[in-house]
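Peer 1: Below is the structure I would like to discuss, written out as structure tokens.
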Amino acid sequence: MRLVRYTLARIVFYVTASLFASFFTLPLLWLAFAPFNEKAALSVTVPDSPSLANFGQVFKNTFAVRALFQNSAIQALGAMLIVTLFATLAAYALSRANIRGKDLISYGLVLFSSVVTGTAAMVPIFLLIFRLGLINTHLGVILVFSGGLLPAAIFIMRDFVDSIPRSYEESALVAGASPWRIFMDIAVPIVRPGMMVVAVWAFVNVWGGFLIPFILLRSPEKMPAAVAIYSFYTEAGTPIITLTAAYSLLYTIPVLILYLFVNWRYGFRFFGGIKS
Amino acid sequence: MASVTFEGVSKHFGSVKAVHDVSFSISDGEFVCLLGPSGCGKTTTLRLIAGLEQATSGRIDIGDREVTYLNPKDRDIGMVFQDYALYPHMTIADNITYPLKVRGLGAAARRKRAEEVATSLQIANLLDRRPGQISGGQQQRTSVARAVVHKPQVFLFDEPLSNLDAKLRLEARSFLKHLQQELGVTAIYVTHDQAEAMALADRIAVMEGGRVVQMGPPLEVYRQPATTFVANFLGSPPMNLLRVRLELTKQQAMLVGETFRLQLPQISERLKGVVSEGEALIAGLRPEHLHMANDSDSWSIAGEVYAIEPLGPEALVTLKVGDSLVTARIFGDEPPKANVGEKAYLLFEPERLHLFKASGERIP
């Protein structure tokens, strides 16, 4: 009787789990097959004769290619560098310096992060960038993304910095190292996994960001891939499935590579702790 | 190599007086232990010497230089931290020679020095490993190696043995003592373990509440504790302290406890002028100075057997005397045979008796 009940419970569990899993895997399967199918539709079908014809078409669209391999890369890498560098420095200061209410600052940051780049703030952000004369520049986009991502990045980094025992810095002090030297020799190598996580996270956010470049950029030559994907829509506004699929796959690959690299090299985690 | 001098040094954190008006001087090549319970200010004192804390007032000298306001790097010290503070991303060799790297020594010279130091500390075979891949004892040696690598004037140790297991701790203790004597460097060693302090130090400074209560050679501090605090802190098990009342008559002095009366003939001389009739005092007896007996004697304390704990070469016998417990260390191959609740007596020689005022001060 117990065995029957146990078996039934397992069956129900696996069926439910499979349903959920398929719900999330279907789009991924589609992304794996559709780009190689000249007659791709919205259903998941294994192509009869796989071909690279869709990619050929995509590469003929110079606007979209430049958007992906130049503009998106510039904006994502730029914001990634700024966010990682400044978040590390800020987190180090917040963790080590004797500032009254520094915890309040840290937790306040997380709250703000969702506000700053939110849709609600788009009008003031547009005005600000306009006044700064940064409309239609990569720098404008990079700065707005950095501003939006930094608070959460600082929060994540702070956990990593907090996990460095103070005695590490003290022993370096006694050894004769200067504060900058301690930061570079001791702190940075130890929080490097955190920096990598923040870097990937910042990169992915900018890479997939649509609204900010869409609003702050004017000329098509500067649009990133997230905006350029609309050039694979017909004039009536419906996507050309074959080309959108191929372009989407190209769009995904850099992020995947980045994630796999960081995961292999440092281990992807959102908390500090010394892995020795 | 250098002396270390404190002159009226205080360190306050807000309203907390971590170290208060501490003065002492440690001579060149001496091994001094700062001993006390947690929160007594011993670690703060060490950090003041290292320059990791800055004194609120007073003056600190290392050798013939005043260092009160100098940065740690200008004090020429080597320090071993409680958690060893080895950098997990560097090899053992890089860890050991980090002070030399900071001083701008070339890679080849650093490697040579790392091999030298590591050989003398028997960790030469570990130079290319990382701290996570070596044992606790080896980490401790690495940390010592890093502290000695640039030949500092003063060694500072912040409870370096407390993270080792009991067996390794004894081994590391002998090793540290040997090393310090071999190098002849002034060493200041913080610990809360009285046995460690006794074993290692040339002199012990016992700290309580931010002050040095007593400073002297281990045996002197052990034999003549200045206060009940020191008496209670040194020794394992600690000194038995019993409340007594003094009865003075013309001919004799009598100590009256809850269950005993002790006549003090020959030592009454030392009490004259110091204590008065009827004064409450504290009598102190080291457990190893008590012997067990079945009959009372003029120098004995009566009580009921509370517990007998055989430890091998000795046994701890605890008697319930009135409301307090008195522990004796009884040496011998066989633990004494007695049942819980049985009446028993603990004998001692009169000159073994310590007397303290109710405030805790020793009566000489």
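Peer 1: Of B:Gly341, B:Gly312, which residue is assigned to a loop (DSSP other than H, G, I, E, B) and without any contact (Cβ under 8 Å) to a residue 24 or more places away in the chain? Show your work before the answer.
Peer 2: Values: B:Gly341 fails: without any contact (Cβ under 8 Å) to a residue 24 or more places away in the chain.
Step by step, each of B:Gly341, B:Gly312 is checked, and only B:Gly312 is assigned to a loop (DSSP other than H, G, I, E, B) and without any contact (Cβ under 8 Å) to a residue 24 or more places away in the chain.
Peer 1: On to the next question. As an exercise: evaluate A:Val200 against (1) of a type in the set (A, V, I, L, M, F, W, C); (2) more than 20 Å from A:Met157 (Cα to Cα); (3) part of a helix (DSSP H, G or I) and give the number of the one condition it does not meet.
Peer 2: Failing condition for A:Val200: (2).
Peer 1: Still on this model: Could you please find all residues in the range B:203-233 being in contact (Cβ under 8 Å) with a residue 60 or more places away in the chain, over 21 Å from B:Ala18 (Cα atoms) and out of contact with any Cys (no Cβ under 9 Å at 6 or more places or on another chain)?
Peer 2: The answer is B:Gln224, B:Pro225, B:Ala226, B:Thr228, B:Ala231.
Peer 1: Checking A:Ile154 against (1) more than 10 Å from every other protein chain (Cβ to nearest Cβ); (2) surrounded by fewer than 20 Cβ atoms within 10 Å (Cβ to Cβ), which test does it fail?
Peer 2: (2)
Peer 1: Another one. Which number in (1) part of a loop (DSSP other than H, G, I, E, B); (2) at negative phi marks the one condition that B:Leu246 misses?
Peer 2: Single failed check for B:Leu246: (1).
Peer 1: Right, another one. Just give me the residues in the range B:3-20 being assigned to a strand (DSSP E or B), in contact with a strand residue (DSSP E or B) (Cβ under 8 Å, 6 or more places away or on another chain) and not charged (D, E, K, R), in sequence order. I'd like the intermediate steps shown before the answer.
Peer 2: Just the residues of the range B:3-20 that are assigned to a strand (DSSP E or B), to begin with: B:4-13, B:16-20.
Still in the running and in contact with a strand residue (DSSP E or B) (Cβ under 8 Å, 6 or more places away or on another chain): B:4-12, B:17-20.
Once the filter is applied, which keeps residues that are assigned to a strand (DSSP E or B), in contact with a strand residue (DSSP E or B) (Cβ under 8 Å, 6 or more places away or on another chain) and not charged (D, E, K, R), the range B:3-20 yields B:Val4, B:Thr5, B:Phe6, B:Gly8, B:Val9, B:Ser10, B:His12, B:Ala18, B:Val19, B:His20.
Peer 1: Could you look through the range B:68-96, keep only residues that are among the aliphatic types (A, V, I, L, M) and outside any helix (DSSP H, G or I), and pick out the one that is farthest from the other protein chains (Cβ to nearest Cβ)?
Peer 2: Per the criteria, the residue is B:Leu70.
Peer 1: Also: Test B:Ala199 against the stated conditions and say whether it is in a helix (DSSP H, G or I) and either of a type in the set (Lys, Arg) or away from every other protein chain (no Cβ under 14 Å) (or both).
Peer 2: yes
Peer 1: Only residues in the range B:109-136 that are under 19 Å from B:Phe81 (Cβ atoms) count as the first member; pair them with residues that are among the hydroxyl-bearing types (Ser, Thr, Tyr) and at pLDDT below 90, Cβ under 9 angstrom, at least 6 apart or cross-chain, and list the lot.
Peer 2: From the range B:109-136, the pairs are B:Arg130/A:Ser276; B:Pro131/A:Ser276; B:Gly132/A:Ser276.
Peer 1: Taking the conditions exactly as written (surrounded by fewer than 18 Cβ atoms within 10 Å (Cβ to Cβ) and in contact with a helix residue (DSSP H, G or I) (Cβ under 8 Å, 6 or more places away or on another chain)), does B:Glu314 satisfy them or not?
Peer 2: On the way: surrounded by fewer than 18 Cβ atoms within 10 Å (Cβ to Cβ): yes; in contact with a helix residue (DSSP H, G or I) (Cβ under 8 Å, 6 or more places away or on another chain): no.
For B:Glu314, the condition - surrounded by fewer than 18 Cβ atoms within 10 Å (Cβ to Cβ) and in contact with a helix residue (DSSP H, G or I) (Cβ under 8 Å, 6 or more places away or on another chain) - is not met.
Peer 1: Could you tell me whether A:Phe69 is loosely packed, with under 10 Cβ neighbours inside 10 Å, under 25 Å from the mean Cα position of the chain (by Cα) and closer than 30 Å to A:Ala152 by Cβ?
Peer 2: no
Peer 1: Somewhere in the range A:214-222, is a residue modelled with pLDDT of 90 or more and crowded, with 22+ Cβ neighbours inside 10 Å?
Peer 2: Yes, the conditions are met somewhere in the range A:214-222.
Peer 1: Within the range B:273-308, count every residue that is in a strand (DSSP E or B) and either within 16 Å of B:Leu262 (Cβ to Cβ) or in contact with a Pro (Cβ under 8 Å, 6 or more places away or on another chain) (or both).
Peer 2: First, pick out the residues of the range B:273-308 that are in a strand (DSSP E or B): B:280-285, B:291-293, B:300-308.
Then drop every residue that is not either within 16 Å of B:Leu262 (Cβ to Cβ) or in contact with a Pro (Cβ under 8 Å, 6 or more places away or on another chain) (or both), which leaves B:280-285, B:291-293, B:300-303, B:308.
Matching residues across the range B:273-308 total 14.
Peer 1: Determine, yes or no, whether A:Arg100 is within 14 Å of chain B (Cβ to nearest Cβ) and more than 30 Å from B:His150 (Cβ to Cβ).
Peer 2: yes
Peer 1: Filter the range A:168-182 down to the residues that are part of a helix (DSSP H, G or I) and either more than 14 Å from every other protein chain (Cβ to nearest Cβ) or surrounded by 18 or more Cβ atoms within 10 Å (Cβ to Cβ) (or both) and list them by number.
Peer 2: A:Tyr168, A:Glu169, A:Glu170, A:Ser171, A:Ala172, A:Leu173, A:Val174, A:Ala175, A:Ile182
Peer 1: So is B:Ser135 surrounded by fewer than 18 Cβ atoms within 10 Å (Cβ to Cβ), away from chain A (no Cβ under 14 Å) and farther than 24 Å from A:Arg181 by Cβ or not?
Peer 2: no
Peer 1: With B:Gln180, B:Gln153 as the choices, which residue is within 23 Å of A:Gly176 (Cβ to Cβ) and modelled with pLDDT under 90?
Peer 2: One residue alone meets the criteria, B:Gln180.
Peer 1: When you scan the range B:97-110, do you find a residue that is buried (at least 20 other Cβ atoms within 10 Å of the Cβ), farther than 23 Å from B:Thr43 by Cβ, touching a helix residue (DSSP H, G or I) at 6+ places or on another chain (Cβ under 6 Å) and more than 14 Å from chain A (Cβ to nearest Cβ), even just one?
Peer 2: no
Peer 1: Here is a list: B:Gly14, B:Gly41, B:Gly63. Which entry is closer than 22 Å to B:Ala197 by Cβ and either over 18 Å from the mean Cα position of the chain (by Cα) or crowded, with 20+ Cβ neighbours inside 10 Å (or both)?
Peer 2: B:Gly41
Peer 1: Also: Considering the range A:183-207 alone, what residues qualify as being under 30 Å from A:Pro224 (Cα atoms) and either of a type in the set (Val, Ile, Thr) or within 7 Å of chain B (Cβ to nearest Cβ) (or both)?
Peer 2: Correct list: A:Val197, A:Val198, A:Val200, A:Val204, A:Val206.
The values are calculated or read from the model by the stated rules, or taken from the named source; none is laboratory data. Just so it is clear, the model here is predicted, and its values are computed rather than measured. Positions of Cβ are backbone-derived with ideal geometry, glycine not excepted, and every protein chain shown enters the neighbour counts.
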